[in-house]
Amino acid sequence: MKLLLTNDDGVNAKGIYVLAKELEKEHDLIIVAPDVEKSASSHSITIRKSLFVKQVQLEGIKSKAYSVSGTPADCVKIALDKFADENIDMVLSGINNGLNIGLDVLYSGTVSAAIEAAINKIPSLAASMEVVEGVETDYEAAAKYVLDVLEKIKDKGMKNDVVFNLNIPLTPQKKGIKVCRIGERGFCGYFIEVDSKNEGKSFQLKAKVRDLHENDTDGYFIKQGYVTLTPLHYDLTNFKLLKQVDSIFNK
């Protein structure tokens, strides 16, 4: 397969390096990723300044790699327009340093890069792994799950606008992959005031974990030791309400 690999942690992040090393063993790979970390950039794109692209050499990686001075969505857009000399069969984004479960998908640059591919009618997969401070992240284990999912879906005739959101717990307990829906956010944000020498007040975003009581979501199954897989779609229309709202305005 002809694959495009990107991320939001930056072209030199360990997650993308480990995944690239595995993917290029069996696939034709091109890597286009941000020059620095762009976490939580969501689906923002650069429109008021130029993008700077530089070819880089990743040690031990034979595939061509480029850094882009933009967001993950920028990377996919410019890669498809300027660097993909053949049709891309699939776009992969990750392996992200941290989970993208629940409503995190709305903030995630990793997931948004995959969604950008779907907008361009290319199937995609976003991969993320749980991170715990003080514990080494096993990206090699995560990469095996990415390859497993890729192998199982590549010849199944999936629609070209589908995004597969894959999340791997820190220590997978060999329970396999659970296909499930996304849930609510597992933490809530709040701001603390920090010292600032500038005029006005300065605040920094923090987060605290909150208990979730849903038992059929990605967050729930991650806690149970499962790897989770959720098919996403970028159409945000609420189809359940479409007819009801139409009846209000078109009586």
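The values are calculated or read from the model by the stated rules, or taken from the named source; none is laboratory data. Because the structure is predicted, anything quoted here is derived from the model rather than measured. Note: ideal-geometry Cβ built from the backbone for every residue, glycine included; neighbour counts use all protein chains shown.
Some points to look at:
- Exactly one residue out of Ala33, Ala65, Ala126 is at pLDDT 95 or above and over 17 Å from the mean Cα position of the chain (by Cα), and it is Ala65.
- Residue match in region 124-146 (condition: free of Cβ contacts under 8 Å to residues at least 24 places away in the same chain, closer than 19 Å to His27 by Cβ and surrounded by fewer than 23 Cβ atoms within 10 Å (Cβ to Cβ)): no
- Candidates in region 19-42 are the residues that are among the small types (Gly, Ala, Ser) and not in a loop (DSSP other than H, G, I, E, B); of these, the one that is surrounded by the fewest Cβ atoms within 10 Å (Cβ to Cβ) is Ala20.
- Leu147 under 18 Å from Ala20 (Cα atoms), modelled with pLDDT of 90 or more and either aromatic (Phe, Trp, Tyr) or not in a helix (DSSP H, G or I) (or both): no
- For region 43-69, the set of residues classified as exposed (fewer than 14 other Cβ atoms within 10 Å of the Cβ) and either in contact with a Gly (Cβ under 8 Å, 6 or more places away or on another chain) or not acidic (Asp, Glu) (or both) consists of Ile47, Arg48, Lys49, Ser50, Phe52, Lys54, Gln55, Gln57, Gly60, Lys62, listed by residue number.
- Any hit, region 75-86, residues being among the small types (Gly, Ala, Ser) and modelled with pLDDT of 95 or more: yes
- The one condition from (1) part of a strand (DSSP E or B); (2) in contact (Cβ under 8 Å) with a residue 60 or more places away in the chain; (3) farther than 30 Å from Gly134 by Cα that Gln55 does not meet is (2).
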